[in-house]
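Step one of this worksheet: look at the structure below.
The values are calculated or read from the model by the stated rules, or taken from the named source; none is laboratory data. The model shown is predicted, which means the values in this text are computed figures rather than measured ones. No Cβ is skipped: glycine too gets one built from the backbone with ideal geometry, and neighbour counts run over all protein chains shown.
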Amino acid sequence: MEGIKRLARATAPAQGGGALGALRKIASSYLLRRIAKALITIFVMASLTFFLVRLMPGGPVEAYIANLVTQYNLSHENAEAQAASLFSLDLNAPVYQQYLEYLGNLARGDLGESLVSRGVPVSEIVMAYLPWTLFSIGTALIISFSLGIMLGMLMAYKRETKLDHILTNLGSIVSSIPDYLMGILILVWVGVQWELIDVTNMRGSLSPGVQPGFNLTFIADAFYHASLPILTYVLGTIGLWMLTMRGSTESTLGEDYVTVAKARGLKERRIATAYVGRNAALPPFTQLSISIALVFGGSLLIEWIFVYEGLGYLLYNAIQQRDYPVMQGVFLIITTMVIVANLLADLLYSRLDPRIRIAGRD
Amino acid sequence: MAATTGESRFRDSAVGRVLGWFASTLKLMARNKVGFAGFLVVSTIVLVTFIGPIFLPSEVPVDVKEIYETPSLSHPLGTDSEGKDVLLQIINGGRPILTIGFLAAAISTTIAVTLGSLSGFLGGRADTGFTWLADMVLTIPQLPLLAVLAGILRLNSKIAVAGLIGVLFWPTLMRAIRAQVLSLKERDYVESARALGLGTPHIVFREIAPNMAGYIAINFTLAVTASMYFVVALTLLGLVPLSEDNWGVMLNLAWTRGAIFSKDSIFYIMAPIAAIALFQLGLVAMNRSLSEIFDPRLRRGS
Amino acid sequence: MEGRDEVLSVRDLEIGYATGRGLVRAVRGVSFDLGDDESLAFIGESGSGKTTLGLSLVRLLPQNASIARGEIHFRTASEEALDLTTLDDEALRRFRWRECAMVFQSALNALNPVMRIRDHFADTAKDHGETNGSLKGRALTERATECLQMVQLDPDRVLGSFPHELSGGMRQRVMIALGLLLNPRVLILDEPTTALDVLTQRAIIEVLRTLKDEHRFAMIFVSHDLSLAAELADRVATTYAGRIVELGEVERIFYHPRHPYTVGLLDAVPTLAGEQQELSSIPGSPPDLIDLPAGCKFHPRCPYATERCREEDPPLMEVAPGQAAACWHWEKVGSDWEARGGERHERDAHRA
């Protein structure tokens, strides 16, 4: 980014015109810079995936072709042709051309076809599973963050009391245990040992027979099935918010404007929310991107554990079945989701903290 | 006279120095109760899992008569679905996991320290470049990538797995190291070293690095926690074809054999979970102690 | 001054801080009255207790500080007499800012970074709604505009801004404007010009002077800067080691001081006049407030110290109509001062 900026500034005419002027404009706006960075990252990831899948010796494409030739007795050309359509690649063209075609296909939303479910486009499969992951992760992050900062603030206000010590230790312990183990623990103890909830029934993202739509049955059912994964995500991330918020509330309480707020005779409630809370919540918010990556990554295991039909579950099955196009597609989508989520979090943060907006620097 | 010379010679010898270092480390650790407890837990687990197997049969005997036994004198943690003793499996099963964990952490930390120091110290384009790279690696969701790569590449050596994990985890550490280097760069003794014309390698290794030793230790511990997370995840998913019994494989077997849903196998399931959780908690606690010891605020002037 | 009513009356106030080393006696028996149209300056070195005194008037002392004894009586706008030492939390909250507003030194961080200036005004008005017949909407904007204009800020520019968009001096003035919002009876300013550049200092002083001349409220200044007192105060109290050592009208203090510490302060201020002078400072350093010396607390540094000073702590004694000093030898101090007469008047003429 720096290089482009410098280039733009150095070579643009006095009144930035044309392409360089546009570049300059992008470089100077926080918003546009962030978006550009996100797009570049997605691009890099897509390229990486391409090279990984296509060029790795013993990689999926080669393996697939070899498989077709030996198992199904196909001629090499036929095998290649099949592989080409499945992976949406043209195997005869030079690599860079394949690469460009791959990118072109991507831009059109063509992720190839599934190996296992012949003829079904990967994008279609992904679209069926994607909403559930977004739903469960989104809900979990909102709950986790809100609860986390409220608890964190409570802990800071009640510093050094028993409550604070209990919560701090609890938060520490809970965040040290890997989230998937937490999921297994919930399953094993709450579900099997104590029989508090009917885990078998909770499998899947929807009960059989329930139709998607904007009605209460659907929404309630969706939440019912997502509740255990959401609980696991929340437990896995809340510790971070609690501890960070506790620290930042403590330091915010010492800020001048809080003392002055008291001197101004403001009500305790207003000081706690608009003066302390509002400012103390900013540092935890910057940790959001870490959580997003963690949670999307963890979805692989957690959806597997609870048999929740989201992207993680899809990816796991694709890996087991060696369904390379689906693997590739899902991975790319997950990465894109993480990048987009981070971008949104960044933009939201710049709205929340006026000092960032004006500075125009990240 | 001879006795004292003997003593001092021992103390100055390599062995003596290492032991001395150990002693002072222990003393430092003991300052923080929680941290010390964590240190004990971690060391115990490491010792038991690395040295224990030497004394135990490498193949835990199968005994179909004793499936899913509850804990007893002969089987302190019960048995699994094949009648194998759980405790033995736990002791045997730690080493592979921990080895990969430490190895991956070492790789990560090395990359992070190198890139972080270079980035912080050189500044300018190098800095921007490395930071940009770190940001990029950071946005890759690690577990899916690891899973996909494990699926494609069929990793079957511990080093490969460790390498893979290590290569993904360094960005966070690198940022932290870089921040430290940036702040240390401005310190007086670095300025004077520069003024004296001592070269970059000298400054980096003789002036800055020793002050970062503690910081690196803290980050290494964190890296171990993180790589443990990934190793266990991968083995749990059955994506890493490690043949030995290890904690992750135990859980994987529990899953595939339906042990999760049976009430009797609770010990078999909880044992590896407890082992992993204890180890992680121990590391985190130890880390708190280390942070206190190496806190830059307390180290002013050194 | 026309017959003023008293708005504030402090009697024998003693405040201490509990620290690891012992009890820090920051204020050791301070008494004074404040008229409702008067400006009183407390001048002293750091550690003299002046800031603590200011904080105690709005009961914003830190956790480890407590009022050991004394009374603080306040007459509110509605002619109610309050004893500030015994107010409960809610009454205290209503009292603060509405009756008495304290503006702290260095307003760099005094404003909420995520709120605009107009929201600061709104918040203040809202939370004082009950007692004030809530200033809302248009009325609030008008009043806020008025206050900002009083401190010579452009309301259009400032109201919609965030704190970090304003300079340090502007923020200080915003704080003063905020202080005036509810028409308090007393405005306390703690080091209003410290940490500001000279030009901004000038501007603030002008603002305060205009306020003083055009509006009727009382001001208390706390500062180490004598010249501030010269510009803005009606009466000056010099403080040392937690006590007022001299109190009187500003001209009396500057032209006819009677306490050695006051003399020392006056001597320490160099003038821009061409004459060569030795810069004099008061030798020694302020006493340890935990372990105070016996007798007069200033005696270790005082050129007039005698045996009596080492044993008996002098009370504030009237040395002239409307002037009091806490020194056994105030007559000698006075005559020495008048003897240096000629030079003095010239220097002071340059100063004021």
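Values for this structure:
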read-out	value
Single match in C:16, C:70 (criterion: more than 17 Å from the chain's Cα centre (by Cα), assigned to a strand (DSSP E or B) and either surrounded by fewer than 16 Cβ atoms within 10 Å (Cβ to Cβ) or on the phi < 0 side of the Ramachandran plot (or both))	C:16
When residues of the range A:252-270 are limited to those that are of a type in the set (Val, Ile, Thr) and touching a residue at least 12 places away in the same chain (Cβ under 8 Å), the one surrounded by the most Cβ atoms within 10 Å (Cβ to Cβ)	A:252
Residue that is farthest from the other protein chains (Cβ to nearest Cβ), among those in the range A:305-356 that are hydroxyl-bearing (Ser, Thr, Tyr) and within 22 Å of residue A:229 (Cα to Cα)	A:308
One residue from C:106, C:161 being at positive phi, among the small types (Gly, Ala, Ser) and within 14 Å of another protein chain (Cβ to nearest Cβ)	C:106
Conditions (1) closer than 30 Å to residue A:122 by Cα; (2) within 14 Å of chain C (Cβ to nearest Cβ); (3) aromatic (Phe, Trp, Tyr): number failed by residue A:224	(2)
Selected residue (only one of A:163, A:141, A:154 is farther than 28 Å from residue B:258 by Cβ, away from chain B (no Cβ under 14 Å) and touching a residue at least 60 places away in the same chain (Cβ under 8 Å))	A:141
Output for the range C:150-169, where each listed residue is at pLDDT below 90 and surrounded by fewer than 22 Cβ atoms within 10 Å (Cβ to Cβ)	C:150, C:152, C:167, C:168, C:169
Of the criteria (1) free of Cβ contacts under 8 Å to residues at least 60 places away in the same chain; (2) surrounded by 18 or more Cβ atoms within 10 Å (Cβ to Cβ); (3) not small (Gly, Ala, Ser), which one residue C:111 fails	(1)
Options C:216, C:209, C:202: the member that is out of contact with any Lys or Arg (no Cβ under 7 Å at 6 or more places or on another chain) and in a loop (DSSP other than H, G, I, E, B)	C:216
One residue from A:336, A:232, A:249, A:273 being without any contact (Cβ under 8 Å) to a residue 12 or more places away in the chain, part of a helix (DSSP H, G or I) and β-branched (Val, Ile, Thr)	A:273
Unmet requirement for residue A:168, which otherwise passes all of (1) touching a Phe, Trp or Tyr at 6+ places or on another chain (Cβ under 7 Å); (2) closer than 30 Å to residue B:275 by Cβ; (3) in contact (Cβ under 8 Å) with a residue 60 or more places away in the chain	(1)
Qualifying positions in the range C:86-103 - at the interface with another protein chain (Cβ under 7 Å from one of its Cβ atoms) and assigned to a loop (DSSP other than H, G, I, E, B)	C:97, C:98
Residue in the range C:47-58 that is outside any helix (DSSP H, G or I) and within 14 Å of another protein chain (Cβ to nearest Cβ) present	yes
Residue A:272 within 14 Å of chain C (Cβ to nearest Cβ), in contact with a strand residue (DSSP E or B) (Cβ under 6 Å, 6 or more places away or on another chain) and on the phi < 0 side of the Ramachandran plot	no
Exclusive hit being under 18 Å from residue C:290 (Cα atoms) and among the hydroxyl-bearing types (Ser, Thr, Tyr), set C:39, C:31, C:9, C:46	C:46
Top-ranked residue in the range A:282-304 [being over 12 Å from the mean Cα position of the chain (by Cα) and either within 8 Å of chain B (Cβ to nearest Cβ) or farther than 21 Å from residue B:225 by Cα (or both); ranked as surrounded by the fewest Cβ atoms within 10 Å (Cβ to Cβ)]	A:286
Test: residue in the range C:176-184 that is in the same structural domain as residue C:215 (by TED's automatic domain parsing), touching a Gly at 6+ places or on another chain (Cβ under 9 Å) and surrounded by fewer than 18 Cβ atoms within 10 Å (Cβ to Cβ)	no
Single residue of the range A:29-62 satisfying the filter (over 21 Å from residue A:101 (Cβ atoms) and surrounded by 15 or more Cβ atoms within 10 Å (Cβ to Cβ)) that is modelled with the lowest pLDDT	A:30
Selection status of residue C:121, crowded, with 21+ Cβ neighbours inside 10 Å and within 30 Å of residue C:290 (Cβ to Cβ)	no
Matching residues, the range B:124-137, being facing chain A (nearest Cβ under 7 Å) and either under 23 Å from residue A:319 (Cα atoms) or under 25 Å from the mean Cα position of the chain (by Cα) (or both)	B:136
